[in-house]
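Colleague: Have a look at this one before I ask anything.
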Amino acid sequence: MSENKQHPEEKNKMEHTTTQEVMVKRKNLRKKEDKIVGKIILVIVITLLAIVGVFGFTTYKYVESGLKPLDNSDSQLVQVEIPSGSSNKQIGEILENDHVIKSGIVFNYYTKFKNLTGFQAGFYQMAPNMTLDEIGKLLQEGGTAEPKEVADGKITIPEGYDIDQIASRVAKITGKDKQEFLDLITDDAFLKELYQKFPELLESSSQAKDVKYHLEGYLFPATYDYYKDTSLKDLVIQMVEKTDSVMQDYYATIKQQNRTVQEVLTLASLVEKEGVKENDRKNIARVFYNRIESDMPLQTDISVLYALGEHKETVSYADTAVDSPYNLYTNPGFGPGPFDSPSEESIKAVLSPADNDYYYFVADISTGNVYFAKTYEEHLELVEKYVNKS
């Protein structure tokens with residue numbers, strides 16, 4: 001009986017072929033598995049991106065909403081108590097629970113971002129239409145030790161407002177006539193009453209010549225409670241009293257520096273409009289002092305705009321020739337008096353100016369940066385670079 005035997009080489013060849021087929025199959029299988037895994041990963045990544053996108057958009061909308069007043073149409077005041085030792089986070093929670101703001105979390109982070117500090121304990125009256133900035137400033141000003149009758153409204157006087165702007169703001173909120181406010185602050189009998197009530201504050205103002213308003217610069221920029229039975233006279237007294245309260249910390253320094261309150265508030269009113277950052281304000285104050293000590297006119301556009309009675313961004317060459325004692329392009333020294341109501345920060349800058357030997361400065365309106373120069377030639381270069389740039 002014969003036996004059919006396979007040649008060794010043929011056997012090895014068949015085994016090798018079988019192995020290759022298995023490897024190809026495995027390779028194809030891995031490719032399929034890789035494709036499936038790739039699709040799964042792609043789906044997971046897309047899903048995660050979608051979740052992150054939705055979360056990011058939701059967070060953005062939440063923050064954007066939280067930065068706005070709770071209700072622009074609701075001016076009804078509510079009494080809010082801020083306990084002693086409250087953190088910004090706790091204050092935010094209180095304001096949210098009392099339905100004054102939308103989000104305590106946003107308030108907390110906003111105050112950190114804006115570096116709003118110095119919040120004081122006490123009772124406050126706030127409304128859902130107030131902005132976070134307004135609320136922050138109110139908390140910095142301080143509340144009352146005891147709860148008060150809820151006011152009918154609030155009058156906020158921004159820093160840098162002049163009397164004409166203050167009169168318009170008061171008229172809009174109280175419904176009273178603007179001219180009635182202007183007539184009151186120019187009434188001689190009322191002014192004498194104020195001089196007697198606040199002699200340390202108003203002595204130099206009462207002696208000033210050629211002033212438009214003796215109370216310009218003395219109506220402190222703050223938020224005031226308004227009641228329907230509050231007279232304009234009571235409101236003005238409250239504003240002047242606030243200025244006197246703030247200035248109590250500086251009267252001694254003003255005397256030591258051999259200056260007057262009128263001079264300090266005048267320079268502070270210019271610094272208020274010329275600079276925003278604390279360091280810039282201190283340097284600007286020193287520039288003004290340097291020019292005065294060198295018998296140079298201050299040449300500030302703020303004085304020209306006040307003389308013109310206008311509010312605009314640019315001043316023309318013709319404007320600088322306006323015939324007015326307030327025009328500090330043509331008149332040396334401080335001028336008659338303040339040009340607006342300065343903040344306490346500007347007052348402090350005038351009393352504690354930086355140490356420099358600059359005589360000129362220019363601001364880049366687009367960035368807010370202020371650039372200083374020792375010579376007129378350097379100043380012109382800065383003007384060309386930061387103001388006349390294309």
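The values are calculated or read from the model by the stated rules, or taken from the named source; none is laboratory data. Just so you know, these numbers come straight off a predicted model, no measurement behind them. Backbone-built Cβ (ideal geometry, glycine too); neighbour counts: all protein chains shown. Keep in mind that these areas ignore ligands, DNA and RNA; they rest on the heavy atoms of the full protein, side chains included. Shrake-Rupley method; radii C 1.70, N 1.55, O 1.52, S 1.80 Å.
Colleague: Taking only pairs six or more apart or across chains, which ones have beta-carbon atoms under 8 Å, a first residue in the range 116-135 that is touching a residue at least 40 places away in the same chain (Cβ under 8 Å), and a second residue that is of a type in the set (Lys, Arg) and outside any loop (DSSP other than H, G, I, E, B)?
Modeller: Gln125/Lys154; Ala127/Lys154; Met130/Lys154
Colleague: Looking for something among the small types (Gly, Ala, Ser), open to solvent by less than 60 Å² (accessible area, probe 1.4 Å) and part of a strand (DSSP E or B) - is there at least one such residue anywhere in the range 110-118?
Modeller: no
Colleague: Shifting gears a bit: Can you go through Ala222, Ala252, Ala285 and tell me which one is within 30 Å of Thr367 (Cβ to Cβ), modelled with pLDDT of 95 or more and of a type outside the set (Phe, Trp, Tyr)?
Modeller: Ala285
Colleague: Enumerate the helices (runs of 4 or more DSSP H) found wholly within the range 279-390, keeping only those where 3 or more residues are without any contact (Cβ under 8 Å) to a residue 24 or more places away in the chain and over 25 Å from Val246 (Cα atoms).
Modeller: 301-308, 376-386
Colleague: Further question on the same structure: Residue by residue through the range 345-364, note down the ones that are open to solvent by 20 Å² or more (accessible area, probe 1.4 Å), among the polar types (S, T, N, Q) and closer than 24 Å to Tyr329 by Cβ.
Modeller: Listed by number, the list holds a single entry, Asn356.
Colleague: Within the range 273-330, take every residue that is among the charged types (D, E, K, R) and surrounded by fewer than 15 Cβ atoms within 10 Å (Cβ to Cβ) and give me the one that is nearest to Ser352 (Cα to Cα).
Modeller: Among them, the one singled out is Glu278.
Colleague: Moving on to the next point. Would the range 370-382 turn up any residue that is of a type in the set (D, E, K, R) and in contact with a helix residue (DSSP H, G or I) (Cβ under 9 Å, 6 or more places away or on another chain)?
Modeller: no
Colleague: What is the residue count in the range 210-263 for residues that are open to solvent by 70 Å² or more (accessible area, probe 1.4 Å) and touching a residue at least 40 places away in the same chain (Cβ under 8 Å)?
Modeller: Total meeting the criteria: 5.
Colleague: Another one. Residue by residue through the range 79-88, note down the ones that are surrounded by 15 or more Cβ atoms within 10 Å (Cβ to Cβ) and out of contact with any Ser or Thr (no Cβ under 8 Å at 6 or more places or on another chain).
Modeller: Residues satisfying the conditions are Gln79, Val80, Ile82, Ser86.
Colleague: Evaluate the range 174-184: report whether one residue or more is closer than 29 Å to Arg259 by Cα, more than 27 Å from the chain's Cα centre (by Cα) and in contact (Cβ under 8 Å) with a residue 12 or more places away in the chain.
Modeller: yes
Colleague: Test Ala268 against the stated conditions and say whether it is part of a helix (DSSP H, G or I), open to solvent by 30 Å² or more (accessible area, probe 1.4 Å) and of a type in the set (A, V, I, L, M, F, W, C).
Modeller: Here the answer is no, as Ala268 does not meet what is asked.
Colleague: To continue, here is another question. Would you check if Lys192 is open to solvent by 20 Å² or more (accessible area, probe 1.4 Å) and modelled with pLDDT under 95?
Modeller: Judged against the criteria, Lys192 is not a match.
Colleague: Continuing with this model, one more query. Given the options Thr330, Thr266, name the one that is over 24 Å from Ala222 (Cβ atoms) and among the hydroxyl-bearing types (Ser, Thr, Tyr).
Modeller: Selected residue: Thr330, the only one of Thr330, Thr266 that is over 24 Å from Ala222 (Cβ atoms) and among the hydroxyl-bearing types (Ser, Thr, Tyr).
Colleague: Which one of these does Thr174 not meet: (1) in contact with a strand residue (DSSP E or B) (Cβ under 8 Å, 6 or more places away or on another chain); (2) under 23 Å from Ile347 (Cβ atoms)?
Modeller: (2)
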